[in-house]
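The structure under discussion appears below in the form of structure tokens.
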Amino acid sequence: MSTDRVAKNAETEPLNDEGRRVVLQKPKNLVNRDKRRTVGEIHVDNPRMTCRNVDVHYGNKQAIRDVSLDIGRNEVIAMIGPSGCGKSTFLRCLNRMNDTIDICRVSGEIKLDGQDIYDKHIDVVPLRVQVGMVFQKPNPFPKSIYDNIAYGPRIHGLAQNKAEMDEIVEKSLKRTGLWEEFRDRLDKPGTGLSGGQQQRLCIARTIAVNPEVILMDEPCSALDPIATAVIEDLIRELCKQYTIYYRNSLNDPGVARFPTDSLLSPR
Ligand SMILES: Nc1ncnc2c1ncn2[C@@H]1O[C@H](COP(=O)(O)OP(=O)(O)OP(=O)(O)O)[C@@H](O)[C@H]1O
Ligand SMILES: [Mg+2]
């Protein structure tokens, strides 16, 4: 995968350099994978994360070649591309989730607020709190709604007492629009919610530990259009505080209307 920042600060749809709407379609002349390079504007002012010359190999097979990109503050970045071009692989580089795959090797430089996240002294547990992840399929823990949210803050000691924990749970559920509906049912299992509610619960669980960047790998692919619209509105709202790296799929019509700040596409 290589990247092309084709739209910046677009209100509704990506714009090209002449300010015209970009019609998203499959590239006709695919460049040989070996010759792909990062093109387009990779820099933003005051970036939150910087990636330079990132290569990823699974064994002998190269999945990502020479990707360089800045990830700004309070922006939503969408990434699209054909199956297998390396979108999930690149996303996982940003919080070292690829470390869990034995044959995976990441090289190049990735920094969060100037700190090399692949430095051998970096502890990946707090890193994955700072760079949180929401997965394709909603994956609430088999616990109550309350305990799903409280799980991370408990592990990381973010609450000194029950009142503080209650506040974190309430705030997180309010921000994801679940509070009013579930305030009296916090002891009910998180797995008993609808798909869209489960995904919002997972987002609430992610923000409960105060991440700086949220990675989302096709968070809406298992949801219907209405639940998708709710999550997309939520992403727009959350980006006022967080940077969101949102992974969508090429054929998803939502890509064309989803108001991202930047859109990455394979070349
Ligand atoms: N755990 C793994 N072991 C070996 N190869 C892998 C592994 N994960 C991904 N790959 C390979 O790396 C390449 C990129 O895969 P990746 O999952 O990042 O693609 P993707 O763009 O997210 O695709 P999709 O749109 O289908 O989700 C593919 O060729 C894939 O086969
Ligand atoms: Mg993928």
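The values are calculated or read from the model by the stated rules, or taken from the named source; none is laboratory data. Just so it is clear, the structure is predicted and the values come from calculations on it, not from any experiment. Counting neighbours? That spans all protein chains shown, and the Cβs are built from the backbone with ideal geometry, glycine included.
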Problem set entry | Meets criteria (within 16 Å of ligand 2 (Cβ to nearest atom) and either in contact (Cβ under 8 Å) with a residue 12 or more places away in the chain or exposed (fewer than 14 other Cβ atoms within 10 Å of the Cβ) (or both)) for Asn139 | yes
Exercise. So, in region 142-162, of the ones that are charged (D, E, K, R) and in contact with a helix residue (DSSP H, G or I) (Cβ under 9 Å, 6 or more places away or on another chain), which residue ends up surrounded by the most Cβ atoms within 10 Å (Cβ to Cβ)?
Worked result: Asp147
For this session: Please name all residue pairs, on different chains or six or more residues apart, with Cβ atoms under 7 Å, provided the first residue is in region 194-207 and is under 17 Å from Ser144 (Cβ atoms) and among the aliphatic types (A, V, I, L, M) and the second residue is in a helix (DSSP H, G or I) and at pLDDT 90 or above.
Result: Leu201/Ile145; Leu201/Asn148; Leu201/Gly190; Ala204/Ile149; Ala204/Ser172; Ala204/Leu173
Exercise. If we scan region 107-125, do we find a residue that is within 24 Å of Ala227 (Cα to Cα), surrounded by fewer than 17 Cβ atoms within 10 Å (Cβ to Cβ) and either touching a residue at least 60 places away in the same chain (Cβ under 8 Å) or touching a Ser or Thr at 6+ places or on another chain (Cβ under 8 Å) (or both)?
Worked result: no
